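The values are calculated or read from the model by the stated rules, or taken from the named source; none is laboratory data. Not measured: the values here are computed from a predicted model. Positions of Cβ are backbone-derived with ideal geometry, glycine not excepted, and every protein chain shown enters the neighbour counts. Please note that ligands, DNA and RNA were not included when accessible areas were found on the heavy atoms of the full protein model with its side chains. Shrake-Rupley method; radii C 1.70, N 1.55, O 1.52, S 1.80 Å.
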Amino acid sequence: MLCQILDTAKKYSMTETGDEVIAALSGGADSVCLLLALNELKETLGIKLSAIHVNHCLRGNESDRDEQFCRDLCGRLRIPLICGRFNVKEEAENRKISTELAARDIRYRFFQENSSGKKIATAHTANDNAETVIFNLARGTGTKGIAGIPPVRGNIIRPLINVTRSQIENYLKEKNQEYVTDSTNLTDDYTRNIIRHNVIPVLEQINSSLFRTVSSDSDNFRTDNAFIEAEAEKAYNACRTEKSSLKGLSDFHEAVRRRCIARLLDENNIETSSRRIADMDSICLNGGKINLSGNIYAVSRDNILSVKEILPENNEHVCIPVKYGANSFCGKTVTIRLRENDGHYSENSFDADKLTGNAVIRNRLPSDRIKLAGKSFTSSVKKLFNRLVDISERNRICFIADEEGPVFIEGIGIAERVCIDETTRNILEIFIDCD
């Protein structure tokens, strides 16, 4: 087992000669094995060893027993020990989070506070890694979740990550070394315990080398994940035009796009989920918008994916009779000219004689539909706007409509029924300028 730990430390460059390593010591079998193994290997590794213990004060006398056990063990081995006591239950209630999460946050915060310039060694094992992979798969995950527990993360190292619990128990038995047992680990009150006590034994019947197989697979997934992350980093930097916007993301592979989308959400403090990322990936390719939270939307238009705040629209309806010359509409000047057809006209022109009844200048109505020139089907304006028009501009888009509905929509086009053809005698031309 010690050779296995040395190989793991070397493979992942966990330590260098002269490093100060602090072993996270709970008093349980895994952490006691970690401490003893590192103590045996400290000269070979060239490290200086100490330990750290967190008393979560969750199990009354049992928690105090664990702390005292750690003090006695480190005293006997002459290993310096740092102890911290915390009211986890109170923090969980104040932050409205689970006790498990509060305990983990407190533990790692205490580790970081006491490890500046040092390494923290935690006692995660191959069993822990397999349980994590299964847990992530059960609740839904991506490549990163299947990769399991990373052997190295920042200044945290996990020398036992390829060691199984049975190896640990055999090692402690050979050393005649006692350890404490957390009574909560014996129940199925926590999800991980359900996996440990019920799922793992069944999987081991299928594959007796389960932990070695999962460790190998996790290593492969970590390699793949590192590559995709590196490609996503390059893509994100290439696409970023300004804060909260990515241009040209649709040109990249789906795996890269989705990593970039997750990062965009993280940077805007929006919770990520596989469903939300998939929805944003869809509009990245096809255009459109989705609501993320409150007034925050993901908007994709002209190959630019943005996260932006969009306040509720002013739904005031504007409708004015068409007059030739300049018309004021929603902060724009809409100039309308009537002239004879001389064979020359712009795309914002149509046959004036094909209008039905009186024409008006207005903004959109919920029921608006239009069959655009050159199209064989009628479209709802809502769908056209979702695909083509920024949500903040939709109520200011200029419509020319007659008694049958829209004949012109600013930035979108002319209705088929008023198109200019060889019979056209009079043309209506539209020019739009912002005031």
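Note that the range 70-151 presents 53 Å² accessible area per residue, ligands and nucleic acids not counted, probe 1.4 Å.
Between Ile310 and Asp7, the modelled label-to-label distance comes to 5.6 nm, taking each label 7 Å out from Cα in the direction of the beta carbon. Give me the percent of accessible area attributable to carbon and sulfur for the range 293-385, probe 1.4 angstrom. Exposed carbon and sulfur together represent 49 percent of the surface. In order along the range 199-214, phi translates into HN-Hα couplings of 7, 4, x, 5, 5, 5, 5, 7, 9, 5, 9, 3, 5, 5, 5, 5 Hz, rounded to whole numbers, per the Karplus curve 6.51 cos²θ - 1.76 cosθ + 1.60 with θ = phi - 60° and x for Gly and Pro. The alpha carbon centroids of the range 361-435 and the range 134-182 are separated by 63 Å.
Relative to the current alpha-carbon distance between Asp217 and Arg71, full extension at 0.36 nm per residue lengthens the span by 48.8 nm.
Stretched out fully, how many nm does the piece from Asn358 to Lys48 gain, at 0.36 nm a residue minus the Cα gap? Numbers along the way, then the final one.
Working: separation 310, 0.36 × 310 = 111.60 nm, distance 8.99 nm.
Gain on stretching Asn358 to Lys48: 102.6 nm.
Thr333's amide H: which non-local residues (gap 5+, or another chain) put their own amide H closer than 5 Å, with H modeled 1.01 Å from N in plane and none for Pro or chain starts? Long-range HN contacts for Thr333: Asp433, Cys434, Asp435. Cross-linked pairs Lys332/Lys383; Lys144/Lys234; Lys289/Lys375; Lys119/Lys173; Lys11/Lys118; Lys42/Lys173: Cα-Cα separations exceed 26 Å for Lys119/Lys173. How many Å² of accessible area per residue for the range 6-62, probe 1.4 Å? Here the residues of the range 6-62 average 43 Å² of exposed surface. Run a plain Debye calculation on the range 210-345 (Cα atoms as equal point scatterers, no solvent) and give log10 I(q)/I(0) at q = 0.22 Å⁻¹, rounded to two decimals, same order as the q list. Result of the Debye calculation: -1.23. In the range 294-405, Rg over Rh equals 1.00, where Rg is the alpha-carbon radius of gyration and Rh the Kirkwood radius from pairwise Cα distances. For the range 338-435, applying the loop criterion from DSSP together with a ceiling of 14 other beta carbons within 10 Å to the GluC sites (Glu not before Pro) yields Glu347, Glu403, Glu404, Glu422.
What does the net charge come to around Ile283 if you take all other residues with beta carbon closer than 12 Å to its beta carbon, with K and R at +1 and D and E at -1?
Residues close to Ile283 contribute a combined charge of +3.
Of the trypsin sites (Lys or Arg not before Pro) found in the range 365-401, those in coil by DSSP whose Cβ has at most 16 other Cβ atoms within 10 Å are Lys371, Lys375. Which of [x] 33.2, 105; [y] 23.4, 80; [z] 21.5, 67 is the computed Rg and Dmax of the Cα atoms in Å for the structure on display? Answer label, from the structure shown: [x]. Solvent-free Debye calculation, one equal scatterer per alpha-carbon of the range 1-80: log10 I(q)/I(0) at 0.10, 0.16 Å⁻¹ equals -0.26, -0.62.
For Asp224 and Arg369, the FRET efficiency from 1/(1 + (r/R0)^6), where r spans their Cβ atoms and R0 equals 41 Å, is about 0.30. Per-residue surface analysis assigns Cys284 an accessible area of about 10 Å², computed on protein heavy atoms at 1.4 Å probe radius. A crude spin-label estimate for the pair Asp390 and Glu113, with each label 7 Å from Cα along the Cβ direction, gives 4.7 nm.
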